[in-house]
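Reviewing the structure listed below.
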Amino acid sequence: MNKDIGKLLTAFLAVLFGVFGLIKFVQDVELVIGLLSLTFGLVAIMWTYRAMASLSKGTSLRDYAFYFLLSLIFIILFSIWDTAILLFQLQGSFVYPKYFLITIAYLIFSFTSYKILQLGKQFGFHFQVNKMSAIKENKKGIKKTTKKSSTKKKTTSRK
């Protein structure tokens with residue numbers, strides 16, 4: 001446990017010093033934030049790809065991981081474009097593609113959310129939860145009745 005905390009603290013300090021070093025070296029905080037978001041985005045893409053590769057082909061979960069990966073790719077493209085605008089001081093119509101890229105990412109998220117909703121309806125999780133709650137309430141009622149009847153039996157046997 002202490003080993004994990006030590007590793008986590010070391011990694012946090014390394015990132016913190018790296019950020020301060022970048023800010024000192026680059027002098028433009030917005031550019032540093034753009035570069036850091038690109039770095040974290042690339043790490044997220046790598047982890048998502050590894051997770052997707054470990055899932056069985058043809059499963060819904062793998063499909064959702066793929067949609068998530070697509071969304072991450074479009075968000076990374078948005079970040080790259082946004083950082084390029086800042087770095088090269090682009091203006092005018094060069095700004096519009098970033099809005100297109102983030103819109104595509106949101107559309108993929110919306111599509112995936114709809115697919116998850118349909119999956120929930122298909123398997124009827126909401127119905128099953130309600131049914132399990134009703135069964136649980138029934139069992140509670142039966143236990144209360146059983147306890148009352150067993151205490152009555154004990155009192156009658158004493159007389």
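The values are calculated or read from the model by the stated rules, or taken from the named source; none is laboratory data. It should be emphasised that the depicted structure is a prediction, and the values quoted were computed from it without experimental measurement. FYI the Cβ positions are ideal-geometry reconstructions off the backbone, even for glycines, and counts take in every protein chain you see.
At a glance:
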read-out	value
The stretch 4-38, residues that are acidic (Asp, Glu) and in a helix (DSSP H, G or I)	Asp4, Glu30
The one condition in (1) crowded, with 17+ Cβ neighbours inside 10 Å; (2) modelled with pLDDT of 95 or more; (3) not basic (Lys, Arg) that Thr83 fails to fulfil	(2)
Check on Leu117, more than 24 Å from Val43 (Cβ to Cβ) and assigned to a helix (DSSP H, G or I)	yes
Residue list for the stretch 49-61, restricted to those being among the hydroxyl-bearing types (Ser, Thr, Tyr), farther than 17 Å from Tyr114 by Cα and surrounded by 12 or more Cβ atoms within 10 Å (Cβ to Cβ)	Tyr49
Only one of Thr112, Thr83 that is assigned to a helix (DSSP H, G or I), of a type in the set (Val, Ile, Thr) and either touching a Pro at 6+ places or on another chain (Cβ under 6 Å) or closer than 22 Å to Ile33 by Cα (or both)	Thr83
Residue check, Lys98 in contact with an Asp or Glu (Cβ under 8 Å, 6 or more places away or on another chain) and either in a loop (DSSP other than H, G, I, E, B) or not acidic (Asp, Glu) (or both)	yes
Unmet requirement for Gln89, which otherwise passes all of (1) within 30 Å of Leu119 (Cα to Cα); (2) of a type outside the set (Gly, Ala, Ser); (3) surrounded by fewer than 17 Cβ atoms within 10 Å (Cβ to Cβ)	(1)
In the stretch 28-53, residue farthest from Ile76 (Cα to Cα) [restricted to those that are in contact (Cβ under 8 Å) with a residue 40 or more places away in the chain and aliphatic (A, V, I, L, M)]	Leu31
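Every residue, every condition in (1) surrounded by 15 or more Cβ atoms within 10 Å (Cβ to Cβ); (2) among the charged types (D, E, K, R); (3) closer than 21 Å to Ile116 by Cα, yes or no:
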site	(1), (2), (3)
Phe25	no, no, no
Thr39	no, no, no
Asp63	yes, yes, yes
Ile76	yes, no, no
